[in-house]
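Each reported figure results from applying straightforward, stated rules to the coordinates on display, with no laboratory input. Fair warning: this is a prediction, and the values are worked out from it, not measured in the lab. Please note: Cβ atoms are built from the backbone with ideal geometry, for glycine as well, and neighbour counts cover all protein chains shown.
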Amino acid sequence: MAGDSRPIGVFDSGMGGLTVLRALTARLPHERFVYLGDTARLPYGTKSAETVQAYALQATRLLLGEGVKMVVIACNTASAVALYLLQQSWDPVPVIGVIEPGAAAGVAATKNKRIAVLATESTVRGRAYARAIQQLMGDADVIQQPCQVFVALAEEGWADTPATMAAAAHYLGPLFEGDNAPDTLVLGCTHFPVLSRAIRQTVGERIALVDSAETTAAAVAKALAAGNLAADGAGEVRPMRFFATDSPERFARVGAIFLGRAIGADEVELVDLRNA
């Protein structure tokens, strides 16, 4: 329907997906959003595919109960292992992940067809980015680097600490040495953009740094238009709601780093997904 005022649901294992929400609200200021961070059970990146799929079903069930018109999986791990399941389970509600947009951005950025992907253990193990990139560029050389510790550093808000710099040097330094090094780095976890300064200092200015948030926002805008689902909000900025499965106070405090604006603890509602 035209002028669809229903909200868009967004979920992640924690607060990293707020980087995607930030891009979504910038591109789609007239849309309403409901964000769910499964903070009680993060990180998803070290868990089995079956466990993440179960969590993703519970998360989307709660969002659908809030009347959302679309679901955005703002989590690379869940996008890698649960996108197809959610699309089949909740059809005709559109479900969009972050991997395909991120892969497309990486392919567009590379000049030497060597693309590095920095991601969680689960995303690397499932090779979702490698498949998505090579579907678009068959001769691309994809180098995957798991960096689970970055999730914990981001969730602590440690954007520019010596620990973050040391982790970046350890994981990325050797990857970008030599003449045949990748020229593009895809941040394959929505937590990682808040650590981009440390990452940039490690890899140098000549490496293209790809954050899938912007391209995901573009994919959402395209899907809204194709499905005639866009809100008609001439000049009106819509509110957003936040749910967390643990510690709303911490979600508000650390989440502000990812979202780029203050979040009041009273804005975050505590929920239990085990009953979803």
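Structure notes:
- Summary: within the chain, the longest segment free of GluC sites (Glu not before Pro) located in DSSP loops with at most 12 other C-beta atoms within 10 Å is 1-176.
- Considering the chain at the alpha-carbon level, its Rg and Dmax are found to be 17.8, 54 Å.
- Convex hull volume of the stretch 99-212 per residue (C-alpha atoms, cubic angstrom): 84
- Ignoring aspartates and glutamates fewer than eight residues from residue 111 along the same chain, the ones with Cα atoms less than 13 angstrom from its Cα are 139, 141, 183.
- Summed residue charge, Cβ within 10 Å of residue 116's Cβ, Lys/Arg positive, Asp/Glu negative: -1
- For residue 47, a cut-off of 12 angstrom between C-alpha atoms picks up these aspartates and glutamates, skipping any fewer than 8 places away in its own chain: 121.
- Cross-link partners of residue 222 among aspartates and glutamates, defined as those whose alpha carbon lies under 13 angstrom from its own and excluding same-chain residues fewer than eight positions apart: 214.
- For the stretch 23-28, 3J(HN,Hα) per residue [Karplus equation, 6.51 cos²θ - 1.76 cosθ + 1.60, θ = phi - 60°, Hz, x = Gly/Pro]: 5, 5, 5, 5, 7, 10
- Cut-off 15 Å between beta-carbons: net charge of the residues surrounding residue 162, Lys and Arg +1, Asp and Glu -1: -1
- Sum of side-chain charges, residue 230 neighbourhood, beta-carbon under 9 Å (Lys, Arg +1; Asp, Glu -1): -3
- Sequence-distant residues sharing a close amide H with residue 242 (under 5 Å, placed H): 35, 269
- Those trypsin sites (Lys or Arg not before Pro) in the stretch 105-137 that DSSP places in a loop and that have at most 16 other beta carbons within 10 Å: 111, 113, 127
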